[in-house]
Structures are given as C-alpha cells and as structure tokens.
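One structure is given here, and the rest of the page talks about it.
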C-alpha cells in the first residue's frame, strides 16, 4: 500500500454527527488503487483502498466476484481481533457488488486502521463503502453503518466516544443497505434486554441514514471522477 504517514483528512469535507463528533472524509487519496478513501469519525480514522477486479488466471471456476478484505492495525496496536473485523467488513460490503458481471474476477479491499477510539468497525465499514464508490463500479446499493451503546446510566448513546464505550454495558455496530435499510451486518458486545436490543438497532439505523447524506455529498462533489 502507498505511504500514508503524512496523510490528513481534508478539513473541507467536514460535519458533525448527532452527538457532536466530527466526520471528515476524502476520496481517491491513493493513486494506484481503483478507489480509495480516508474517513475520520470522531477519533476513529481509517484508510481504505480497493484493488481490482482482476481476472483470475487459475482454472478454479468462480460464479461470483471473489472479494477479499485485508485489515491492518496500527504498527503499535496490541489487538488480535483483526480477523473477526475482516469477516465483519466483508459481510457488510460484499453485497454492494453485482456478482455476475465480475465472475472469475477477484477484488481486494485493504483497510488500514490509523486511529482507534473503540468504535473502529463502524468507521471501517463506512470508509470501505466510500472506497468502493470511488471506483465508479456499478453498485447494487450503498452500505452504511452506525454505532450506539447503552452507557453506565442506562441511556442510549449514538456515535459514542471511546470513554463512553469503555464504561458502557452494551455496544452495537450495525450496517444497512441503503434502499430498504435491511441489516447486512451486526456486531454487539455486552448484554441487554430484547427491547433494548431492538432500540439499539433502530438507533444504529438512524446513524447509518445520517452517513448516507454524506455519501450523497461525496457523489456530488466527486461526480467528475466517479
């Protein structure tokens, strides 16, 4: 992957989430990728890049697009859950592609964690969809994600910061396709009642819908290159 040591998120593409966390993005930040994006949500920062589709040269028959996700943590990170994050990102994003036009082809999505404030999965899913969108490929739909938690007081918090998540009793990240807003990926930690679980799902959906507004802004801004 190209160097990202001096890369910064463009301040001009900036907004505030419902709880005041900043959301910043830039598209097509890497020259060699088919599509790339850098996204910060609060103190979570992720760089994503899609390479391919490339035709498979071996004889194995592929009916659908072979889609791989490679998640890279910070060099000094002590986390070892990158494989589960890869699987969750893949579950969220693989439905974006029309499979048949890319039969016998393979794409690789590289996801580089730059800063983790305990809700990196939500940021990674949104950044991944931005990178795929930046390729100009035909897509079945957008996918966006939201994150919420139940804090120590029992209140539901959308887009919580890292300190709130550390003290929370339940955290959920959910991704939705942006036509009927059906769930394409959900991940949770902690315990809650069925009623709270449903409420958390709806809150994540509201966060995902908020991200759609920014995806549409990105489409308008970058329409000449998309």
Task: Flag for residue 138 being in contact with a strand residue (DSSP E or B) (Cβ under 8 Å, 6 or more places away or on another chain), surrounded by fewer than 22 Cβ atoms within 10 Å (Cβ to Cβ) and within 17 Å of residue 52 (Cβ to Cβ) - done: no
Task: Of all residues making up region 59-74, the number that are modelled with pLDDT of 65 or more and exposed (fewer than 14 other Cβ atoms within 10 Å of the Cβ) - done: 1
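The values are calculated or read from the model by the stated rules, or taken from the named source; none is laboratory data. For clarity, every value in this text was computed on a predicted model and none was experimentally measured. Methodologically, a virtual Cβ is constructed for each residue, glycine included, from the backbone with ideal geometry; neighbour enumeration extends over all protein chains shown.
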